[in-house]
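Step one of this worksheet: look at the structure below.
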Amino acid sequence: MYMKTISFYLLVLCFCSLLTGCSEPVEPAARIESLRQQMQILDRGRYVIVVMGCNDCHTPDYMVRRGEIADEDWLVGSTLGFKGPNGTSYPTNLRLLASRISEESWLDIAKKMRKETPMADVMLPDVAEADLRAIYRYIQYLGPKGDDAPAALPAGVTPETQYILSPAPH
């Protein structure tokens, strides 16, 4: 049985080698350039996330432990609510959101930020499309993690989670 298993894997390996040999070779320089461009986009996405303060709300304890939280723990949403005149909202788990929607849907959401939430003051709708794409790709790179944030609560309902009183959006 052991020899049959090894023989099977050797056969699969040989077959894959033959298939690879039949394909067009990728120019090493082109591949390196492509990887370099991908890394630049990821670096840009990380940079924009930091300078726009996305982690301040979408990463638990970021404001308290700013330099101590590793990237792999970023943007997982929060159960800390923001309670205002329109109800209570919670920072979305962007890692799960990005894993569920396309890049084009991400652009649409970012460009139509909800005015009735604490995000109303964020300049996300004014950010260059290339930067919004870089944010999405960096979040995709991080991969899905965590749980969904609690559902928003209507005005007049007191949250059972911790919350911050949020001023009225303008």
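Listed from fewest to most Cβ neighbours within 10 Å, the set 73, 147 follows the order 147, 73.
The alpha-carbon of residue 83 sits under 17 angstrom from the alpha-carbons of these aspartates and glutamates, leaving out residues fewer than 8 places away in its chain: 56, 116, 121, 160. Whole-percent P(r), region 52-126, all Cα pairs, 10 Å bins from 0: 18, 48, 32, 2.
Distance between the modelled labels on residue 165 and residue 129, one decimal in nanometres: 4.3 nm (7 Å Cα→Cβ projection).
Under the definition of Cα pairs under 8 Å and six or more residues apart, what whole-number percent is the relative contact order of region 96-167?
Numbers: 34 pairs, mean separation 28.5, N = 72.
Reported relative contact order: 40 percent.
Go ahead and run the numbers for FRET between residue 30 and residue 113, Cβ-Cβ distance against an R0 of 30 Å, rounding to 0.05.
Working: r = 38 Å, r/R0 = 1.27.
Once the sixth-power term is evaluated, E becomes 0.20.
Distances between placed amide hydrogens fall under 5 Å for residue 84 paired with 89, 166, all partners being 5 or more residues away or on another chain. Sequentially through region 122-132, phi angles give Karplus couplings (6.51, -1.76, 1.60; θ = phi - 60°) of 6, 8, 3, x, 9, 6, 4, 4, 4, 6, 5 Hz, Gly and Pro residues having no value and appearing as x. For region 32-133, the list of GluC sites (Glu not before Pro) that fall in a loop by DSSP and count at most 11 other C-beta atoms within 10 angstrom is empty.
Over region 33-168, what relative contact order in percent results from Cα pairs under 8 Å that are six or more residues apart?
Details: 200 pairs, mean separation 48.7, N = 136.
The value is 36 percent.
Rule-based calculations on the coordinates, nothing more; no lab input. Please read these numbers as outputs of a predicted model, since none were measured by experiment. Heads up, the Cβs are rebuilt from the backbone with ideal geometry, glycines too, and the neighbour counts pull from every protein chain shown.
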